[in-house]
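Single-structure report; data block below.
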Amino acid sequence: MSIKTEFSLLISFLLSIFFLASLFFCQGIDTKKPSMGVINAKIWTGNSDQPWAEAIAVAGDKIVAVGSTAEIQLLLNDNARIIDAEEMMITPGFIDAHVHFIEGGLRLASVQLRDAGTREEFVRRIREYAQHSEPGSWITGGDWDHSLWGGELPAAQWIDHLTPNNPVWINRLDGHMALANNLAMTKAGITADTPDIKGGTIVRDKNGNPTGIFKDNAMALIGQVVPEPTQQQKDSALFAAIEYVSQQGITSVHHMGSWEDVAIFERNYRQGKLKTRIFASVPISSWEKLHDRIQQQGTGNPWLRVGGLKGFADGSLGSHTAAFFEAYTDVPHDSGLMVNSTEDLYQWISDGDKVGLQAIIHAIGDRANHLILNIFERVARENGERDRRFRIEHAQHLSRSDIRRFGQLNVIASMQPYHAIDDGRWAERMIGAERIKTTYAFRSLIDAGATVAFGSDWYVAPPIPLLGIYAAVTRRTLDDKNPDGWVPEQKISVEEALRAYTIDAAFALFEEKIKGS
């Protein structure tokens, strides 16, 4: 049975579903008489004390009671709106614990290369996009995946003759390497003499000339000359993102981005245009700015909060930049790289923690995860006990001895299950049969007492929670080659996956008392 058929069956099973997109489950009865009720439903509450209910009562913008249909009808005012769910299933609104929200919106209008399965198709799509582009405008986005055509990295020479008037800067789908054409490299002043920079790589041919591929920190060499989208373009991207995720039942997102993104969110919040609740994280090196802001105005309001410090330990598996203890199986001389030094990461995390800020750190390879766990443990020991909720974003490839440390240290594993059924097509080729046993270790982490929060990493992967649930429960890879699941011992249940997209994702934000259940 194909993944598409299985996904359709999951949708039928989980959701005949409509989502009450703007509402929270909460305890207690509001003093205001409930003005809306949903009855005759199958409601998964996310509350272990009362996991299922038939009906809910709504007052204002909050769900104030759950219970039987008869119980809820008694609470409603005389003019209450009543919705008969006809035994459809209802869950709390989904929370995507890791998105790049504005970039995701921008990607909706960019060249689409994610499923380009051959070199020829990759080139064809760029040619067609260039034909409809204004001369001089940049071609960006892309999200290509070279594993689909055998692993050969694209090169500028593939597309230079098709894009003589348009600089090109198109990312691999993981965002950790990108391809520039020669026009883009010329604008950036890139030559054979341009040195690599710390935490990044310029891929070169046998003569030392750049091929057009830039990895991790080296991507800034091109990125610094790419024009910023206009305010109007960013606003449009935000509205497109809100519309897209709302169609997937997502009501809140954890945004990983910049202070510039925060300004966009704030402007649209003031104009009453935010329809998705946003928790924004900012670069960890700016911890003092975040602390000053919180001291002056707090973390925000129910629609927009700014409160996390996002940092990077390493790169990605697909770009061979995730940091491992041992070399890659397919590139024996390479074990990945650290994007930032452990000294810098320790200092930023410790300084932010001393003033009560939450650290949210990207780590993919087993060495990167180990080093971040070490830093978290050291900081907690040095700075004293408090409710930190440190997070590791992705936590993809773990040493067996580190899995239990997530639970012991109360570190949240913020993971993206779709990556498992995507990377599962080729990960073993890159890191071997032994290391994949603790890759996307959902089952092992939960059994070790860790909190697992799920998200998508959109724009990198689609922000579709149902597809993420499917991935976590079945682990059937996108190529249909693992019908029993890739690393099947790491499967989890539907309810565990639902928790990761609701109450546990809310916990990762310190918001479990107002949403997620």
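Values quoted throughout were computed directly from the atomic coordinates according to the rules given, and no laboratory measurement underlies them. Just so you know, these numbers come straight off a predicted model, no measurement behind them. All Cβ positions, glycine included, derive from the backbone under ideal geometry; neighbour counts span all protein chains shown.
Where both bridge residues fall in the range 111-223, DSSP classifies roughly 60% of the beta bridges as antiparallel.
Given R0 = 41 Å, the distance between the Cβ atoms of residue 49 and residue 382 translates into a calculated FRET efficiency of 0.65. Among the trypsin sites (Lys or Arg not before Pro) in the range 364-459, those located in a DSSP loop and surrounded by at most 10 other Cβ atoms within 10 Å of their own Cβ are 386. Of the trypsin sites (Lys or Arg not before Pro) in the range 179-256, the ones in a loop by DSSP (not H, G, I, E or B) with at most 10 other beta carbons within 10 Å are 206. Using the empirical formula 2.2 N^0.38 Å as the baseline, the Cα radius of gyration of the chain reaches a ratio of 0.99. Principal-axis analysis of the Cα atoms of the chain puts helix 366-383 at an angle of about 60° to the longest axis. Taking label points 7 Å from Cα along the Cα-to-Cβ direction, residue 209 and residue 325 give a separation of 4.3 nm. If R0 equals 41 Å, the separation of the Cβ atoms of residue 333 and residue 228 corresponds to a calculated FRET efficiency of about 0.65. Segment residue 121..residue 354, full-extension length gain: 78.7 nm, with 0.36 nm per residue of separation and the alpha-carbon distance subtracted. Couplings 3J(HN,Hα) for the range 482-495, derived from phi with the Karplus relation 6.51 cos²θ - 1.76 cosθ + 1.60 (θ = phi - 60°), are 10, x, 8, x, 7, 6, x, 5, 9, 5, 10, 7, 4, 5 Hz, where x marks Gly and Pro.
Stretching the chain fully between residue 186 and residue 247 yields a gain of 17.8 nm (0.36 nm per residue, less the alpha carbon separation). Separation of the alpha carbons by more than 30 angstrom is noted, of 33/515; 354/513; 481/515, for 481/515. The residue list 138, 350, 57 was ranked by how far each Cα lies along the charge dipole of the chain toward its positive end, using unit charges on Cβ atoms, and 57 comes out on top. Between helix 3-14 and the chain, what is the angle of the helix's C-alpha long axis to the longest principal axis, kept within 0 to 90° and rounded to the nearest 10? Value to nearest ten degrees: 20. If the cut-off is a Cα-Cα distance under 23 Å, which lysines reach residue 206, setting aside same-chain residues fewer than 8 apart in sequence? Within the straight-line cut-off, residue 206 pairs with 198, 215. Counting only Cβ charges, +1 for Lys and Arg and -1 for Asp and Glu, the dipole size of the chain around its Cα centre is about 540 debye.
Among beta bridges from DSSP that stay inside the chain, the antiparallel ones total about 35%.
If the chain linking residue 128 and residue 494 were pulled fully straight, counting 0.36 nm for each residue of separation and taking away their Cα-Cα distance, it would gain 127.6 nm. FRET efficiency for the residue 71 to residue 35 pair, using the beta carbon distance and R₀ = 25 Å, is estimated at 0.90. The range 339-355 and the range 435-449 have their alpha-carbon centroids 26 Å apart.
Among the trypsin sites (Lys or Arg not before Pro) in the range 455-517, those located in a DSSP loop and surrounded by at most 16 other Cβ atoms within 10 Å of their own Cβ are 481, 513.
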